[in-house]
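The next block holds one structure in the form of structure tokens; read it before the comments.
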């Protein structure tokens, strides 16, 4: 597929931090492309650069050098507000710690991203949130608070919240990190369903090889560079 038809294209991407006056290169000249509908795992040990790469791909941070094209838009030239707009419209986020508001119900947590949308009524927000909770198997649990839900159920709420704006890309940072292996497998099956049935592009970080096997593509980072990409291995074989 031609590069212009790729959903994500990063070219010679680098990110440097200054910590205590010391220059730290988190990622070093990474280039990769992700097609619409791919299910990709980004793997690596702590300090490998995987979270830094995810933050850049998710428009939460900017690279120090290199080019990041997201659906043919050069993210590097966007303002802070424009990046926030892309995050809200195109990308849904799921985190290891769920990041739910403890004093609000599951339904209200899922509704939250919709408050940034114009021309949507409270009734429409509620119906969309209910639809997403049903999608992740939580119908009947709409009025429960996070403290009344298991870890797996809380992550399902977080996935529903990530989906409520109907983004084209879901990015997840260690989404099974706080779950046992059985519950983690159930969560990954939800991501598989979103990928296969709704054609969502899924990009997630994990250090767990068993979890990474749910993805069709595994990219391994070490010391800020890609050391393995099974998509390229298949293409070149």
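The single residue among 132, 163, 171 that is buried (at least 22 other Cβ atoms within 10 Å of the Cβ), under 27 Å from residue 35 (Cβ atoms) and over 15 Å from the mean Cα position of the chain (by Cα) turns out to be 132.
Counting only helices (runs of 4 or more DSSP H) that sit wholly inside segment 1-118, those with at least 2 residues that are buried (at least 20 other Cβ atoms within 10 Å of the Cβ) and in contact with a strand residue (DSSP E or B) (Cβ under 7 Å, 6 or more places away or on another chain) are 50-57.
None of the figures in this text is laboratory data; all of them are computed from the coordinates on show. A quick note: this is a predicted structure, and the numbers were derived from the prediction, not measured. Don't worry about glycine lacking a Cβ; one is built from the backbone with ideal geometry, like all the others, and counts go over all protein chains shown.
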